[in-house]
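Undergrad: Have a look at the structure that comes next, please.
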Amino acid sequence: MSELRIYVASLADYNAGNLHGKWIDCEGKDVDDLQAEVDDMLERSKLPDAEEFAIHDAEGFGDLIGEYTPLSQVASYVEIIDEHDEAGLAWIEVAQDLGLELDDFDDHYRGEWNDFEEYATNWFDEVYYELVKMADSQAYVTIDYEQFARDLRHEYSVVENGGTVYVFQDEA
């Protein structure tokens, strides 16, 4: 996982043609910590009216951070990513797409896999094994795992990142 950081710049300085800003390491920081660092940067400006800032760059957040992303939102992202690494970053994208709460990670996360078919195969084998055990039988079936995965895929969000897929069930 790459470092989580943002570059904040004073808008008064920017509008006056000056570059005044600072990189903030976000890992392990809450909104108050981030705000304190922004305030420190603004106080160091040579312009007396340096009160507003913008985020001009970000690292480790993918495309989640924009110029005017609130620090409270950045802090929420940091908390999820700090706790769940790449899966947390994937979850943020999924949660935003589906309108879910960031705190619901554990209710939706189904793991890290090589591909969705591997997840579907594992899921089927576990459920089938439990059904056979409950029925106390030795029943065997032939399953088309590829077709099963295609059918099951409609109930899940899958984020691919560098040869790994993160699987989230759309409805918990």
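Undergrad: For segment 40-55 and segment 61-122, what is the separation of their Cα centres, given in Å?
TA: The two parts, judged by their Cα centres, are 32 Å apart.
Undergrad: While we're here: Would you be so kind as to identify which of LEU102, SER2, ASN122 lies farthest towards the positive end of the dipole of the chain, taking Lys and Arg as +1 and Asp and Glu as -1 on Cβ and the Cα centre as origin?
TA: SER2
Undergrad: Consider the candidate values (i) -0.60, -0.73; (ii) -0.47, -0.59; (iii) -0.54, -0.70; state which one is log10 I(q)/I(0) by the Debye sum over Cα atoms at q = 0.11, 0.13 Å⁻¹ computed from the structure displayed.
TA: So the structure-derived entry is (i).
Undergrad: Of TRP113, ALA12, ILE80, which is farthest along the charge dipole of the chain in the positive direction, counting Lys and Arg as +1 and Asp and Glu as -1 at C-beta?
TA: Of the listed residues, the answer is ALA12.
Undergrad: Can you compute 3J(HN,Hα) from phi for each residue in segment 150-165, using the Karplus curve 6.51 cos²θ - 1.76 cosθ + 1.60 with θ = phi - 60°, rounded to whole Hz and x for Gly and Pro?
TA: Those phi angles translate into 4, 5, 5, 4, 5, 9, 9, 10, 10, 10, 9, 8, x, x, 10, 10 Hz.
Undergrad: Let me ask something else. I'd like the carbon and sulfur percentage of the solvent accessible area for the chain, probe radius 1.4 Å, heavy atoms only, ligands and nucleic acids excluded.
TA: Summing carbon and sulfur atoms, their accessible area is 43 percent of the total for the chain.
Undergrad: In addition: In terms of solvent-accessible area of protein heavy atoms at a 1.4 angstrom probe, what is the ranking of GLU27, GLU37, GLU160, GLU126, highest value first?
TA: Accessible-area ranking of GLU27, GLU37, GLU160, GLU126, largest first: GLU160, GLU126, GLU27, GLU37.
Undergrad: Right, here's the next one. Compute the helix-to-body angle for 116-135: its Cα long axis versus the longest principal axis of the chain, expressed 0 to 90° and rounded to tens.
TA: Roughly 40 degrees between the two axes.
Undergrad: I've got another one for you. Quick query: amide H of HIS20 versus all other amide H atoms, modeled in the peptide plane; which residues come in under 5 Å with a sequence gap of 5 or more or a different chain?
TA: Those qualifying (amide H under 5 Å, at least 5 residues apart or on another chain) are SER10, TYR14.
Undergrad: Can you give the calculated 222 nm mean residue ellipticity of the chain, where each DSSP H run of n ≥ 4 adds -39,500 (n - 2.57) and the sum is split over every residue, rounded to the nearest 500 deg cm²/dmol?
TA: Calculated at 222 nm, the ellipticity per residue is -14500 deg cm²/dmol.
Undergrad: Any idea what the dipole of the chain comes to, in debye rounded to 20, about its Cα centre with Lys/Arg Cβ at +1 and Asp/Glu Cβ at -1?
TA: 360 debye
Undergrad: Here's another thing I want to ask about it. Could you tally the net charge around GLN169, taking each other residue with its Cβ under 9 Å from the Cβ of GLN169, Lys/Arg +1 and Asp/Glu -1?
TA: -3
Undergrad: Next question, about the same structure. So how much accessible area does ASP151 have, in Å² to the nearest 10, using a 1.4 Å probe?
TA: 90 Å²
Undergrad: Where only protein heavy atoms count, and the probe is 1.4 Å, what is the accessible area per residue for the chain in Å²?
TA: 60 Å²
Undergrad: Would you list PHE61, PHE53 from the most to the least accessible area, probe 1.4 Å?
TA: Accessible-area ranking of PHE61, PHE53, largest first: PHE53, PHE61.
Undergrad: Further question: Would you mind calculating the gained length between GLU155 and LEU64 on full extension (0.36 nm times residue separation, minus the Cα-Cα distance), in nm to one decimal?
TA: Using 0.36 nm per residue and subtracting the Cα-Cα distance, I get 30.4 nm.
Undergrad: Which of TYR14, TYR129, TYR145 moves most in a GNM of the chain, Cα contacts under 10 Å?
TA: Top of the fluctuation ranking is TYR129.
The values are calculated or read from the model by the stated rules, or taken from the named source; none is laboratory data. Fair warning: this is a prediction, and the values are worked out from it, not measured in the lab. Here Cβ is always computed from backbone atoms with ideal geometry, including for glycine, and neighbour counts include all displayed protein chains. SASA here: full protein model, heavy atoms, side chains in, ligands and nucleic acids out. Shrake-Rupley method; radii C 1.70, N 1.55, O 1.52, S 1.80 Å.
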